[in-house]
Each structure stands twice: as structure tokens, then as C-alpha cells.
Amino acid sequence: MKVRKALTIAGSDSGGGAGIQADLKTFQELGVFGMSALTAVTAQNTLGVHGVYPMTAAAVEAQIEAIGQDMGTDALKTGMLFSGEIIQSVAKKIEEFGWKKVVIDPVMVAKGGASLLREEAIRAMKEFLLPLAMVITPNIPEAEVLTNMLIQSIDDRKRAAKKLYELGVKNVVIKGGHSDNEETLIDLLYDGRDFLYFTSRRIPTKNTHGTGCTFAAAVTAELAKGQGVKEAVELAVNYVHAAIEMDLQIGKGHGPTNHWAFKRKEAAADAIYK
Ligand SMILES: Nc1ncnc2c1ncn2[C@@H]1O[C@H](COP(=O)(O)OP(=O)(O)O)[C@@H](O)[C@H]1O
Ligand SMILES: Cc1ncc(COP(=O)(O)OP(=O)(O)O)c(N)n1
């Protein structure tokens, strides 16, 4: 059996719901071997971010180098990158190792409002990282920052997706969690030619901490297994939906999602149809 590998380059969430913890749980659940390069440690729980302690760019490079020199990876994702300097180091290493299945989750702000990316880093992200992306997965506020646009309608989102594509990203997913529709959510995929709409029911819950990380990690895991972008995004939409639907009720604030849920749902469906 060939073991598929996926790398996350992201920050640590001590609360376990977002960041590298969410990524590694998702990789494991989807059957790929997870590896990590840490960009920052956050002291975080369901109530918010209480401290951010970035790694040096040299430490981030050394971790990626260690993985690239020995194990390699079938796909990678980036999450919290914190500074322009770290972004440049990450982009340099991705190019050096010639990695192509690159998923960029342009993490900027945590749910409670804490900044996870310095303002000066946005330019570096657009200049150095986005041209290397096979897939980018911004939420609506992140897409607004990256395109300098106000996004209120689906047509705005389509225009923003085209702008991001023009920056060199091969596939753009603008997620719909922050839209004002209380019934349904649309995650939109643009591949430079067609728009695809993944529609799901909005689940009324405050326990959505780490949904963005989990979504991008699921896309990465599927790409690592050899799936196409459309199939990977479709799986990610379903994976996150199950994780929100069967929430865990942990903590006093915005609780984490349930990374076991997707497999449990699949197992239950298998049992029914046996
Ligand atoms: N309340 C919800 N019910 C169902 N799906 C949701 C809900 N909130 C977010 N999602 C899904 O979670 C994923 C992440 O969405 P979004 O909230 O836009 O990103 P982020 O977590 O990065 O802010 C998307 O697939 C979105 O459709
Ligand atoms: C360490 C770390 N990385 C990323 C995030 C943001 O995660 P996201 O999935 O966008 O979830 P919310 O913060 O919006 O719940 C984070 N909080 N911490």
C-alpha cells in the first residue's frame, strides 16, 4: 500500500480546534500521513486568542527543509503564516522542492477578532505565495482584503474569484460561511473557466471554531490521494458539514467541530446498505 502524505505549514491552536491540530486530525481521518511545520504558537481556547508567539522564519524553513530532504509530501496546505518574512521563506521552500499541490488558506483573523496575520504580510502573500497555489480557500472577509473589494452578492464573489485567479491561483474557492443567508450556504469554486456552486444547509450553532482550517486540510488530503480539485472540494464541503452537524459541546465559547463525524456518518451509511 502506498501511504499518501500531507504537510501543514500553520500555527498551533492550544485549544485543538483550529490550526495544525485541526489539520492533522483531518489528515488522519481522511487516511493520509500528516506532517507539520509550525509558524507560531497561539495560547487559544474557545473564548479567544490570548497570546501569539511566532517562530523565526529560519525555524520555519528548517522544519520544511527537514521534511523535504527526507520524506517529501504529496500535497501541502498553509494556514496562519503571521508575517511577510515567514511567507517569503515558505514560498522559497515550496519552489525549491517543486511542490505543486499547494492549498493556501489565507488565514487573517480568528473568530474572536484576534489578528493572525500582520498587515504588511498581505502584499507578500499576493506577490510570493498566491502564484504557487493550486487552490486558495478564503472566506468572504479574506477575499475582500485580497481583492480590495466589498463582497455582498454572489456576483461580487464571482468577480473576486476572477481577480484572485488573475494573481496566479489556479483554483479559487470563496467559502460562504460569512454570507448573510441564514438558510443555505454556498461555497464557490472557480477554475479559470467555470463556476461551481456547492450548496449546503446552514447549521444553527456557535461551534464553528476551525472550520476554515478543517476545510482546507480536507481539500489537501484529497489532493494528496490523487483526487481532482472539484472532487477534493466536494469532499471537503461534506467533511466540514458533518463535523459541524455532530458538534462536541467543548468549552464555553465557539467550540471546535467534530473531526470524527464524517467517518462515523460513512460507517453508519455502510451499515444501513450492507
Ligand atoms: N453554520 C454553518 N453550517 C454549515 N456549514 C458551515 C457553517 N459555517 C461555516 N460552514 C462551512 O464551513 C466552511 C468554512 O466556512 P467559512 O465560515 O466561510 O470559513 P472560515 O471558517 O475560514 O471563516 C465552509 O464549507 C462553509 O460552508
Ligand atoms: C492557530 C490558528 N490558525 C488558524 C485559525 C483560524 O482558523 P479558522 O479555521 O479560520 O477558524 P476560526 O478562528 O474562524 O474559528 C486559528 N484560530 N488559530
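Of note:
- Within the range 249-267, the residues that satisfy the criterion of being among the hydrophobic types (A, V, I, L, M, F, W, C), closer than 17 Å to Asp23 by Cα and not in a loop (DSSP other than H, G, I, E, B) are Ala261, Phe262.
- Count - residues of the range 22-51 that are open to solvent by 10 Å² or more (accessible area, probe 1.4 Å), more than 29 Å from Gly226 (Cα to Cα), in contact with a Gly (Cβ under 9 Å, 6 or more places away or on another chain) and not in a loop (DSSP other than H, G, I, E, B): 6
- Scanning the range 215-236 for residues that are surrounded by fewer than 17 Cβ atoms within 10 Å (Cβ to Cβ) and not in a helix (DSSP H, G or I) yields Gly226, Gln227, Gly228.
- Scanning the range 164-209 for residues being in contact with a Gly (Cβ under 6 Å, 6 or more places away or on another chain), open to solvent by 10 Å² or more (accessible area, probe 1.4 Å) and either within 12 Å of ligand 2 (Cβ to nearest atom) or closer than 17 Å to Glu144 by Cα (or both) gives a total of 4.
- Contact annotation: residue pairs with Cβ atoms under 8 Å, 6 or more positions apart or on different chains, pairing a residue in the range 199-216 that is free of Cβ contacts under 8 Å to residues at least 24 places away in the same chain and within 6 Å of ligand 1 (Cβ to nearest atom) with a partner that is of a type in the set (A, V, I, L, M) and outside any helix (DSSP H, G or I), are Arg202/Leu185.
- Residue in the range 257-268 that is farthest from ligand 1 (Cβ to nearest atom), counting only those that are open to solvent by 40 Å² or more (accessible area, probe 1.4 Å) and touching a helix residue (DSSP H, G or I) at 6+ places or on another chain (Cβ under 6 Å): Lys263
Listed here are the residues, each with its yes/no results for (1) within 11 Å of ligand 1 (Cβ to nearest atom); (2) in contact (Cβ under 8 Å) with a residue 60 or more places away in the chain.
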| residue | (1), (2) |
| --- | --- |
| Glu182 | yes, no |
| Gly226 | no, yes |
| Lys230 | no, no |
| His241 | yes, no |
| Gly255 | no, yes |
| Asp270 | no, no |
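- The range 74-101, residues that are surrounded by fewer than 19 Cβ atoms within 10 Å (Cβ to Cβ) and either among the acidic types (Asp, Glu) or touching a Cys at 6+ places or on another chain (Cβ under 6 Å) (or both): Glu85, Glu95, Glu96
- Residue match in the range 237-248 (condition: in a loop (DSSP other than H, G, I, E, B) and modelled with pLDDT of 95 or more): no
- All positions within the range 1-21 that are closer than 16 Å to Ile104 by Cβ and assigned to a helix (DSSP H, G or I): Gly19, Ile20
- Of all residues in the range 137-163 being of a type in the set (A, V, I, L, M) and away from ligand 1 (no atom under 12 Å from the Cβ), the one that is surrounded by the fewest Cβ atoms within 10 Å (Cβ to Cβ): Leu150
- Listed by position, the helices (runs of 4 or more DSSP H) enclosed by the range 86-183 that each have at least 3 residues that are β-branched (Val, Ile, Thr) are 140-147.
- Summed over the range 131-157, the residues that are of a type in the set (D, E, K, R) and under 20 Å from the mean Cα position of the chain (by Cα) give a count of 3.
The values are calculated or read from the model by the stated rules, or taken from the named source; none is laboratory data. No experiment lies behind these values; they were computed from the predicted model shown. Because the Cβ atoms are built from the backbone with ideal geometry, glycine has one as well, and the counts that use them run over all protein chains shown. When the accessible area is computed, the model is the full protein with side chains, heavy atoms only, and any ligands, DNA or RNA have been set aside. Shrake-Rupley method; radii C 1.70, N 1.55, O 1.52, S 1.80 Å.
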